[in-house]
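Below is one structure; the comments refer to it alone.
The values are calculated or read from the model by the stated rules, or taken from the named source; none is laboratory data. From a predicted model like this one, the values you see are computed outputs, not experimental measurements. Positions of Cβ are generated from backbone atoms using ideal geometry, with glycine treated the same way; all protein chains shown enter the neighbour counts. Heavy atoms of the whole protein, side chains included, go into the accessibility calculation; ligands, DNA and RNA do not. Shrake-Rupley method; radii C 1.70, N 1.55, O 1.52, S 1.80 Å.
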Amino acid sequence: MHRHFFSKPKYEPLVVNTGSRYHVFISDEQGFQRTRELLAAVANNCQCLLVTDSDLTGMSENCVKLEADHLQVYLEQQVVRFPAGSRFYLLGREAFIWKTYSALLALCIPRDQCAVERCGSIERDVFCVHCRVINSAVTHSPVCCEGCGRELYVYDHFSKRLGSYMGFQVNAECVAELPEKELLMS
Amino acid sequence: MNELLRVSVAAINQLAPDIKEFILRPVVGSELPAFSPGSHIILEIHDAKNLYRNAYSLTSSPFDRSHYRIAVQLQQDSRGGSRYLHQAMSVGDQLDISPPNNYFAFEQYNKKCLLIAGGIGVTPFMSLFPDKCGRNADIDMHYVFRDQSQAAFVSKLRDQLGGRLSCYQRSQGQRLDVARLLSEQPLGTHVYVCGPERLIEDVRHQATMLGWPESTVHFEKFAVATNGAPFSVRLKKTGRSIKVAEDESLLDALHRNGVEVRHLCRAGVCGECKTALLQGPAEHRDLYLADAEKSEFIMPCVSRARNAAELVLDL
């Protein structure tokens, strides 16, 4: 692979836009610690949505806890309350931040109003190009697809829309021969 | 530059005391090129002495290609273009126009469109209504004008927008509070502003103060001043020196002297006339060049020399 090809996002620490009047942080558990650090910079004009299915305590007043399945509906209903100059900060696992990003774009929120930062584990979600099932929390390639059972080679090619890497049948002309599993890095 | 189109003036309507509408039909064929809402054309206007190239927004429906409509306000300090159109142009006259071009296109996926027009800056919005700003977008319009002599299109807009049109007549002391208006907008709003520079700067400034992302603030400078103190320009390749008068642009001075520079918008936005600047302090009035480029390039359609200095161009 040539070094100048970038088929996956590069992440840098996100910067809070201090010019904005309102800040919305959306994080999963893995991004919550970093979100807390950033919250300290924005005083009161903010809301934090923590997306987790587990019980967490010790959250501040402006934090709302949501189950993952409820985030989409919550955004659809609540997003109209935020003023036009609001900024969105998405923190957490790669798959989480990009799925949330897609949900915001679908609500007509411009790209330059959203900033992302990947936090925590480097597990990947992998989209099977054969059966279109997304396999969660993948750490090795090839991986057996939960949808069709094919052994998928995990490409370094990321779809922001799907929040997933592309997975193709490994060794397609001779599927009986499997290469050794490799740990996926970064 | 794109090939010019020959059109004839099919009708002239007085829309307001200072504003005339011209309906232009093709001389050859029955259809003019397609255009998107917000587009403009450039008219080539020849009077006895000079050639003027003025940009006018299309106010007709993009779905009707049998003609174009433009609305022209008589400029009190007109160099001649708008005066000639108002006083000398007659039905049946022919003239050349550029094909439509658009630097003020409306985004397809707006949750809400907030339109702000100042005076004759209302024109680029007129081609929008048949298209309704893309899909199911909310539209609110705020239209500021000096007095009735400028108030073209009010009844037409009222028909389209009903209560979503707000008018502000400055001669009656009515003011648009831009800061308040923007602060009341819901998330996903895009603002489109066209009119005098002061209005545009006010909207841009307030939007920045409220944290609106750049992609949601759209503006078209209705008129960019191209005149200023006279200066001279030296062309490196031929060694020629050309004088630029106070009432002409650098681009026009070059053309007057037979030096062809590719150009399109004549408003400092499209980048077509970008020319290498070898020497001399430029007064950059364009919206195209990045700051880092400004020491090496100039947009001759709007920019000039600072302090009447001499510029040296790589031409």
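Before moving on, here are some points about what is shown:
- Any chance B:Ala267 is at pLDDT below 90 and more than 17 Å from B:Phe297 (Cβ to Cβ): no
- Qualifying residue in the range A:47-65 (condition: within 14 Å of chain B (Cβ to nearest Cβ), in contact (Cβ under 8 Å) with a residue 40 or more places away in the chain and surrounded by 13 or more Cβ atoms within 10 Å (Cβ to Cβ)): no
- Filter pass, A:Ala95 being within 11 Å of another protein chain (Cβ to nearest Cβ) and in contact (Cβ under 8 Å) with a residue 60 or more places away in the chain: no
- The range A:66-81, subset hydrophobic (A, V, I, L, M, F, W, C) and more than 12 Å from chain B (Cβ to nearest Cβ), residue surrounded by the fewest Cβ atoms within 10 Å (Cβ to Cβ): A:Val73
- Considering B:Leu181, B:Leu187, B:Leu128, the condition of being over 27 Å from B:Glu21 (Cα atoms), buried (at least 23 other Cβ atoms within 10 Å of the Cβ) and aliphatic (A, V, I, L, M) is satisfied by B:Leu187 alone.
- Unmet requirement for B:Asp140, which otherwise passes all of (1) open to solvent by less than 60 Å² (accessible area, probe 1.4 Å); (2) within 21 Å of A:Arg111 (Cα to Cα); (3) of a type in the set (D, E, K, R): (2)
- Only one of the numbered conditions (1) under 21 Å from the mean Cα position of the chain (by Cα); (2) open to solvent by less than 30 Å² (accessible area, probe 1.4 Å) is violated by A:Ala84, and that is (1).
- Whichever residue in the range B:66-97 is surrounded by 21 or more Cβ atoms within 10 Å (Cβ to Cβ) and of a type in the set (S, T, N, Q) and, among such residues, is nearest to the other protein chains (Cβ to nearest Cβ): B:Gln73
- Residues in the range A:133-156 that are in a strand (DSSP E or B) and touching a residue at least 40 places away in the same chain (Cβ under 8 Å): A:Ser136, A:Val138, A:His140, A:Ser141, A:Tyr155, A:Asp156.
- 1 or more residues more than 25 Å from B:Ala55 (Cβ to Cβ) and within 14 Å of chain A (Cβ to nearest Cβ): qualifying strands (runs of 3 or more DSSP E) within the range B:134-246: B:138-145, B:189-195
- A:Gln30 being open to solvent by 10 Å² or more (accessible area, probe 1.4 Å), away from chain B (no Cβ under 14 Å), among the polar types (S, T, N, Q) and part of a helix (DSSP H, G or I): yes
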